[in-house]
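Notes follow the structure.
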Amino acid sequence: MSDPKTVQHVSLRLARLEELVVAPEPDPLAGRFEERSGVDRILDAARAHFNRRLAAIEAKLVLDEQPSPEERRKVDDALKALWRYQDERLGEQIVTIRRDGLRALAKGCVFLLICMAISAVASNSTILPDIVQSLVSEGFIIAGWVALWLPMELLLYEWWPVSRDRKLYRMIAEMKYSIEAPRPA
């Protein structure tokens, strides 16, 4: 059975096309409260519905002002430049997370070995009562394993949202969007 690819459809109301890549200035007296660029709003919508089958994003932009072909070309270029910038930035972030995870894993493994040695000494101790011997021995084993929690979280899970955002920015750079005029009230 094939895995059908999906398209995320997003509809945005913008004053001008440039608000797709530049955050608008809020104007509460005019009823404009939005402080995020269109790209940020699209990212939020795509994150909320993200799954591995997501293949593309399509946007319907309702604009107060119709853009010139030159404005549209500038925005298209800005979307691609934003993707290149975010791809590099998020790629570096993934490398940093993995490096930090490996460093934490090395330290965690050393700490686990020390805890296991202390546990072995405590469990073979003849001067401690059995209950204290068991408590110290098991406590150090647990502490050693807890020290591996952060490295495992970094190496297994922390990079997923960064990788997802990297994929979403790539989709936004290739996004098809249509422009409509607002409907009269």
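Points to keep in mind about this one:
- Test: R166 is assigned to a helix (DSSP H, G or I) and either open to solvent by 80 Å² or more (accessible area, probe 1.4 Å) or at pLDDT below 90 (or both): no
- Search result, residues across the stretch 25-44 that are crowded, with 18+ Cβ neighbours inside 10 Å and more than 16 Å from M175 (Cβ to Cβ): E34
- Scan of the stretch 51-98 for residues that are free of Cβ contacts under 8 Å to residues at least 24 places away in the same chain and open to solvent by less than 70 Å² (accessible area, probe 1.4 Å), ordered by number: S68, D76, A81, T96
- V62 fulfils the conditions (1) assigned to a strand (DSSP E or B); (2) at pLDDT below 90 except for a single criterion, (2).
- Contacts under 6 angstrom Cβ, first residue in the stretch 138-162 being open to solvent by 40 Å² or more (accessible area, probe 1.4 Å), partner aliphatic (A, V, I, L, M), 6 or more apart: F140/I118; L150/A104; E158/I97; W159/I94; W159/I97
The values are calculated or read from the model by the stated rules, or taken from the named source; none is laboratory data. Since we're looking at a predicted model, the values are computed, not measured. All Cβ positions, even for glycine, are placed from backbone atoms using ideal geometry, and neighbour counts span all protein chains on display. Keep in mind that these areas ignore ligands, DNA and RNA; they rest on the heavy atoms of the full protein, side chains included. Shrake-Rupley method; radii C 1.70, N 1.55, O 1.52, S 1.80 Å.
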